[in-house]
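K.L.:
The structure is given below, and queries will be raised subsequently.
The values are calculated or read from the model by the stated rules, or taken from the named source; none is laboratory data. Given the structure is predicted, the values throughout are model-derived calculations rather than measurements. Quick reminder, even Gly has a Cβ in these numbers, built from the backbone with ideal geometry, and neighbours come from all protein chains shown. Accessible surface is based on the protein model in full, side chains and every heavy atom, while ligands, DNA and RNA are left aside. Shrake-Rupley method; radii C 1.70, N 1.55, O 1.52, S 1.80 Å.
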Protein chains: 2
Amino acid sequence: MEIFYKEKTFFTSKDLALSVIGGRWKIAIIWCLLQQSPLRLSEIQKYLADVNQRMLIRQLRELEEDQIITRVVYPVVPPKVEYQLNEIGLLLEPVVTSICNWGDNFREFLEENTDKQSVE
Amino acid sequence: MEIFYKEKTFFTSKDLALSVIGGRWKIAIIWCLLQQSPLRLSEIQKYLADVNQRMLIRQLRELEEDQIITRVVYPVVPPKVEYQLNEIGLLLEPVVTSICNWGDNFREFLEENTDKQSVE
DNA sequence: CCGGATCCGTGTTGATACTG
DNA sequence: CAGTATCAACACGGATCCGG
């Protein structure tokens, strides 16, 4: 079961998945677009305050290349570009949800184990 | 709902989760330890053939710091060190599973859309 | 004005030895 | 076998500039 994609060889579909969603901000971007869609670049920036614009654009381009999201450019002034998940991208919802749920568990775990040391 | 952890502030538990499992090889390592546990370093290296040893050790140390895995050192010669997921780490199983499932979906998607171009 | 591209400094990752 | 050292390559971030 070998998968060739983008000049690389993957031996499990897990590795293929990680190559697509493993980017530094990919999951966060997908989370945004699951909350609301479509979104403009500036709107995603508001959601993800601590991501700089250059990285955001790069990660969006990669997601677009992998056909996870669709980028729609409106030829207007000032420029308007909208991003939204396509079909295969929407199927990432369970991944994002399970991460959010685990995050809740981990937060509770921290609260229990770090006797009220800085979690509130 | 602000979470302070490791001198950083997180505003959602999703961001907290990503800070822990978002490392370059974290998910792959956790996948290994879900397949079989405990595992020695050399065994993890066999599973993750394309990860270099330095990074593997560093990622394992980070997971240990975050209390996701436990590192057991046996004082023998030659050295023997075993890694295994602890309770909160085992709860990551749904995350890994959903990623694997999506990977399967994505692979099928590629097969359909790239008319037998390099997927088999 | 908004999306995005370029320049450049910095931290992270990788390849290949090497040690106990 | 587990882990470290060194150096090169790359990803990332901040600031700035561009084009419509």
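K.L.:
Would you work out the relative contact order for chain A, in percent, from Cα pairs under 8 angstrom that are 6 or more residues apart?
P.N.:
21 percent
K.L.:
Chymotrypsin sites (Phe, Trp or Tyr not before Pro) within the range A:10-104: which are DSSP loop residues with at most 16 other Cβ atoms inside 10 Å?
P.N.:
A:PHE11
K.L.:
Using label points projected 7 Å from each Cα along Cα→Cβ, tell me how many nm separate A:ASN113 and B:GLN35, to one decimal.
P.N.:
2.5 nm
K.L.:
Grab the other residues whose beta carbon is less than 9 angstrom from that of B:VAL20, score K and R as +1, D and E as -1, and report the net. It would help to have the intermediate numbers written out before the result.
P.N.:
Numbers: positive: B:LYS26; negative: B:GLU62, B:ASP66.
Net of charged neighbours comes to -1.
K.L.:
I need the fraction of alpha carbon pairs in chain B separated by more than 23 Å, rounded to a whole percent. Don't jump to the answer; show the numbers that get you there.
P.N.:
Numbers: 3004 of 7140 pairs.
Every Cα pair in chain B considered, those over 23 Å come to 42 percent.
K.L.:
Once you list every other residue whose beta carbon is under 14 Å from the beta carbon of A:GLU7, what net charge do they have if Lys and Arg are +1 and Asp and Glu are -1?
P.N.:
-1
K.L.:
Among A:THR12, A:THR97, A:THR70, whose mean-square fluctuation peaks in a Gaussian network model of chain A (Cα, cutoff 10 Å)?
P.N.:
For chain A, modelled as a Gaussian network with Cα springs under 10 Å, the answer is A:THR12.
K.L.:
Count neighbours as other Cβ atoms within 10 Å of each site's Cβ, and list the GluC sites (Glu not before Pro) in the range B:1-99 that are DSSP loop with at most 12 such neighbours.
P.N.:
Sparse-neighbourhood loop GluC sites (Glu not before Pro): B:GLU2, B:GLU7.
K.L.:
So, one more: Using a 1.4 Å probe, how large is the accessible area of B:MET55, given in Å² and rounded to the nearest 10?
P.N.:
40 Å²
K.L.:
Identify all lysines with a Cα-Cα distance to A:LYS26 below 23 Å; exclude those on the same chain that are fewer than 8 residues away in sequence.
P.N.:
A:LYS6, A:LYS8, A:LYS14, A:LYS46, A:LYS80, B:LYS6, B:LYS8, B:LYS14, B:LYS26
K.L.:
Ignoring ligands, DNA and RNA, please state the percent of accessible area on the protein assembly as shown from carbon and sulfur, probe 1.4 Å.
P.N.:
49 percent
K.L.:
Between chain A and chain B, with a rotation axis joining them, whose C-beta in A is nearest that axis, and what is the whole-Å distance?
P.N.:
Of all Cβ atoms in chain A, the one nearest the axis gives A:SER98, 2.
K.L.:
Moving to a separate point now. Running a GNM on chain B with Cα contacts under 10 Å, which residue among B:LEU63, B:LEU18, B:LEU39 ends up with the highest mean-square fluctuation?
P.N.:
So, out of B:LEU63, B:LEU18, B:LEU39, the one fluctuating most is B:LEU18.
K.L.:
Same structure again: Can you give the FRET efficiency to the nearest 0.05 for A:ASN101 and A:GLU64, using r as the Cβ-Cβ distance and R₀ = 45 Å?
P.N.:
Values: r = 28 Å, r/R0 = 0.62.
After rounding to 0.05, the efficiency reads 0.95.
K.L.:
Among A:VAL76, A:ASN86, A:PHE109, pick out the residue whose Cα is farthest towards the positive end of the charge dipole of the range A:23-111, where Lys and Arg carry +1 and Asp and Glu carry -1 on C-beta, about the Cα centre.
P.N.:
In the range A:23-111, that residue is A:VAL76.
K.L.:
Report the charge-dipole magnitude of the range A:23-118 in Debye, nearest 20, computed about the Cα centre from +1 at each Lys and Arg Cβ and -1 at each Asp and Glu Cβ.
P.N.:
It comes to approximately 560 debye.
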